[in-house]
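Written out below as structure tokens is the structure these notes cover.
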Amino acid sequence: MDQRIILFRGMNTGGVRAPVAEQRAMAAEMGLGNPRTLLASGNLVVGSDRDPARLEGEVEAAMEARFGLKVAVMVRTPADWQGLIAANPFADEASAEPAKVLAMVMKAGIKAGALDACRALAEGGERVEAVGDVLYFWFPNGQGQSGIFKKATPRMLGMGTGRNWNTVLKLGAMVGLSPE
């Protein structure tokens with residue numbers, strides 16, 4: 001059985017709460033193998049051979065049924081995740097300051113004009129690049145101080161969820177990927 005990385009958008013922010021033990025129980029009830037969570041911020045790894053797009057819909061429906069939450073879900077395979085890691089245009093920055101590099105995994109691609117809009121909002125050396133369906137951000141002063149982060153919205157970018165580079169690598173390790 002292969003594995004799937006399941007990312008929940010906005011978990012444990014703005015009143016969106018689902019205890020990780022309950023997330024694991026939900027995944028097991030869905031027939032997903034060996035459910036494991038990372039942190040309490042919407043990261044679930046399971047054993048599954050299900051198509052990622054199909055699994056996204058199934059998990060979204062289960063989250064609504066179990067927790068009453070309408071949460072966007074992004075599912076990636078280990079191969080997808082390895083590609084995300086390999087494509088990082090800010091590898092040097094990620095090596096030096098991994099908490100300041102963010103990979104935003106998009107649900108249905110990056111909206112037209114999103115990259116230019118983010119670049120127009122950038123302050124203090126911030127940079128953004130798009131590779132495939134991932135937006136990569138370098139926040140030299142931290143995400144909390146970012147001009148991009150404060151103003152960019154799903155309406156501007158498309159629906160996605162971001163993980164800092166520490167979390168990206170930990171999720172990779174959970175599916176057996178070796179560090180960069």
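Straight-line cross-link partners of Lys151 among the aspartates and glutamates, defined as a Cα under 15 Å from its Cα and at least 8 positions apart when in the same chain: Asp116, Glu123, Glu126.
Just checking my list [x] 9.6; [y] 11.1; [z] 11.6 against mean projected area of the Cα convex hull in nm² computed from this structure; which label fits? Entry [x].
Applying the Kirkwood pairwise sum to the alpha-carbon positions of region 80-174 produces a hydrodynamic radius of 13.1 angstrom. Treating only the Cα positions of region 3-76 as identical point scatterers, give the base-10 log of I(q)/I(0) from the Debye formula at each q in 0.16 Å⁻¹. The Cα Debye sum returns log10 ratios of -0.45.
Every read-out reported here was derived from the displayed coordinates using simple, explicitly stated rules and does not represent laboratory data. All values derive from a computational prediction rather than experimental measurement.
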